[in-house]
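Any read-out appearing in this document is the output of simple, stated calculations on the displayed coordinates, not a laboratory observation. Values in this document were obtained by computation on a predicted structure and should not be read as measured data. Counting neighbours? That spans all protein chains shown, and the Cβs are built from the backbone with ideal geometry, glycine included.
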Amino acid sequence: MKPSVTIVTPSYNQAAFIERTIRSVLNQNIPGLEYIVVDGGSRDGTVDILKRYENYIQWTSRPDNGQADAVNKGIRRSHGEIIGWLNSDDVYYDGAIEAVLDFFAARPDVDILYGDAHHIDAEDRIIEPYYTEDWDYERLKDICFICQPSVFFRRRLVDRVGLLDDRLQYCMDYEYWLRIGRTTPFARLDRFLAGSRMYPQNKTLGSRGAVHREMNDMLKARLGYVPVKWIYGFAHVVAEQHEYDRANPLENLRFAALLAYWSLYGFVHWEKRISRRDVNTLAGWIGGSIKRLLRRHRMMRREGETG
């Protein structure tokens, strides 16, 4: 017998997308599916859309403390044995929930699973597959290879590990995977389950610097350290905001210097130290950029002498 399922959707001012999200859930045609939408008091037409579907969904619309708080409220109200969390601009693919329930029914030992997913644009077109790997907790510390809308978990897991950390605004899902993964292995379902929407107004894309800063703060608190890859990732995001033309050797040098500066800042801020290897890495970036600039000057001088 297949387990019961609840889908929770946190929402705030997503009238442009939420109907597609709702339909992607209802079109799964799962008997007895419980669908809960927790809206944060939208004023953009979202509530009118929710009213059109109120015979099929449970919904509320009132101010909350953000996305994690909304998901937590939905989970507290839920009754399904299996829980999925789908943001109000993402979608499930046809047959996704049925495949998930079949997996859980066949594997009573599994408490949480993730599948594959795509990044999709505002018009539902596929941009690229979300980078996903087989389960490895140590690897998860270096890269978040789990796409949030492709994750489903048993209620008993929530009873053990608790709810999302509602102090987080951007990386509440990654923190949850790290917290769960310390004691519970994830299973991987080899199937594309969901589309995760990426567009300029997307919360993550629109605040990349803040996302990485919160991510590193969370990793420091959760792991006791920040993996080197995340420090370099933070530095790249900050440096890229200056939009240097890296095909231009002088601007590339400026980019390298900024990248080295913010990497050094990251090591000092989060780790209070920097290894010799990382000092050599930063010096290599700047040194390589200087060599490239000098080669360009020599080439221009030779062209001037022969012109």
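Mean projected area of the Cα convex hull of the stretch 165-230, taken over all directions, amounts to 5.9 nm².
Note that the stretch 5-197, at 37 °C in a medium of 0.692 mPa s, gets a Stokes-Einstein diffusion coefficient of 197 µm²/s from its Kirkwood radius over C-alpha pairs.
Per-residue packing, averaged as other Cβ atoms within 10 Å, sorts the ranges 190-198, 177-185, 75-83 into the order 190-198, 75-83, 177-185, beginning with the highest.
Could you quote the convex hull projected area for the stretch 85-241, Cα atoms only and averaged over all directions, in nm²?
Answer in nm², one decimal: 9.4.
Each Lys and Arg Cβ is given +1 and each Asp and Glu Cβ -1; about its Cα centre, the stretch 70-117 then shows a dipole of about 380 debye. Of the residues 131, 56, 172, the one whose Cα sits farthest toward the positive end of the charge dipole of the stretch 5-197, with +1 on the Cβ of Lys and Arg and -1 on the Cβ of Asp and Glu, is 56.
For residue 91, neighbours were defined as the other residues whose beta-carbon sits under 13 Å from its Cβ, and their charges (Lys and Arg +1, Asp and Glu -1) total -3. Projecting the Cα atoms of 88, 4, 28 onto the charge dipole of the stretch 1-100, computed from C-beta unit charges around the Cα centre, puts 4 farthest toward the positive end. Distance from the alpha carbon centroid of the stretch 213-260 to that of the stretch 124-175 works out to 23 angstrom.
Given 16, 65, 41, which one lies farthest toward the positive end of the charge dipole of the chain, if we put +1 on the Cβ of every Lys and Arg and -1 on the Cβ of every Asp and Glu? Final value for the positive-end residue is 65. The count of lysine pairs in the chain that are at least 8 places apart or cross chains, and whose C-alpha atoms lie under 18 Å apart, stands at 5. The convex hull built on the alpha-carbon positions of the stretch 225-306 has an orientation-averaged projected area of 5.6 nm².
In summary, the stretch 80-121 shows an alpha-carbon radius of gyration equal to 1.27 times the 2.2 N^0.38 Å reference for compact globular proteins. Put simply, the amide H of residue 5, placed in the peptide plane, has neighbours under 5 Å in 34, 81, 82, leaving out anything fewer than 5 places away on its chain.
Its Cα centre serving as origin, the chain has a Cβ charge dipole (Lys and Arg +1, Asp and Glu -1) of approximately 1280 debye.
Note on the stretch 35-142: semi-axes of the ellipsoid equivalent to its C-alpha gyration tensor, largest first and rounded to whole Å, are 27, 19, 16.
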